[in-house]
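No lab work stands behind these numbers, since they all come straight from the coordinates. For clarity, every value in this text was computed on a predicted model and none was experimentally measured. Every residue, glycine among them, receives a Cβ derived from its backbone with ideal geometry; neighbour counts consider all protein chains shown.
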Amino acid sequence: MRKSVLLALLLLIGVKGFTQVQENIASELVILNVMTGEERSIIRQNRHFEAPNWSREGDYLLINLGGLLEKIDLNGRSLGLVQEGVISTVNNDHGLSFDGKILVYSKNEKGLGSRIYTVPLAGGTPKLITPNYPSYWHGISPDGNYLAYCAERDGKWDVYRVPTQGGEEVRLTTEEGLDDGPEYSYDGQWIYFNSHRTGRMHLFRMKADGSKQEQLTFDELDNWFPHPSPDNQKLVYISYLEDQKGSHPFGKDVKLRIFDLNSRESKDLTPVFFGGQGTINVHSWSPDGKWIAYVRYFKLL
């Protein structure tokens, strides 16, 4: 079997957005102060939820569960579903524009795979942005003009950019191997992403036009989903302890790490815990740049 075909099959069964609701799992939504190490458990429930975003006002967290999006305040109270009856079959790739007015999400569609939509957070009709599929959103430019996403085209998984209002997509990466998780820096100058081009998953960055691509991590961990901080000085990301062969599965030993863009050094933010797919797929920094949100999991007997 060709490598590209094998990778595509792996992605379709859960590596890239097609997650399944896990049975006999407890999920804990946690916020972590990256400066002091303080942790706060927001909720722990015997259900499977994933991929928290922090609201741009900082007053609630957005999680997905069973294809729906739910708001949870910082005291653990549910604020209800987002546009119930309108938004459904959402995967882990969702988030808000920098002004907090637009919700961007990837939607699994029967027979098509994932496509990207936008909708006003206050309510409205979702707009299809990527007719081509599969497409998995990860980042929006600070000025709101562009979306960055991972997409499979002709058997190759690369990072693309498209105007937020829709239009012609532009391919930004061309190296062999999966390129994923693109996210804009807060100054709009860089797109951070993870790539398997070296044969191991590592963090990279490039200019917003795709130029000056450079590798950032070189260790023996599998490093995914770099999330740049509001001060443009740090990246928070998830590391698998073992080589996942280009996949991003649920239910593995992982830890969160922080990368200093000045010293080019990483350090652990958490001990090893049970997580992976759904832990920290999308942007989850608090607006003040002090906290991140993530999900860790527990097996139920």
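Quick rundown of the values:
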| read-out | value |
| --- | --- |
| Inter-label distance, nm, simple model (7 Å from Cα along the C-beta direction), LEU300/SER211 | 5.4 nm |
| For the range 164-231 versus the range 27-96, the gap between their alpha-carbon centres in whole angstrom | 24 Å |
| Helix-only [θ]222 nm of the chain, DSSP H runs n ≥ 4, -39500 (n - 2.57) each, per residue, nearest 500 | -500 deg cm²/dmol |
| Filtered chymotrypsin sites (Phe, Trp or Tyr not before Pro), the range 192-282: DSSP coil and at most 13 other beta carbons within 10 Å | PHE218 |
| Over 30 Å between alpha carbons, listed pairs LYS127/LYS207; LYS252/LYS290; LYS71/LYS212; LYS110/LYS255; LYS110/LYS252 | LYS71/LYS212; LYS110/LYS255 |
| Potential lengthening between ASP260 and PHE218 on full extension [0.36 nm per residue; Cα-Cα distance subtracted] | 13.7 nm |
| Furthest towards positive pole of dipole, SER284, GLN165, SER27, structure part the chain, Cβ charges | SER27 |
| Cα gyration tensor, the range 17-112 - rounded (a/c under 1.5), prolate or oblate | oblate |
| Partners for LYS299 among aspartates and glutamates (Cα-Cα distance below 12 Å; same-chain residues under 8 apart left out) | GLU23, GLU28 |
| Over the range 3-299, equivalent-ellipsoid semi-axes from the Cα gyration tensor in Å | 24, 23, 20 |
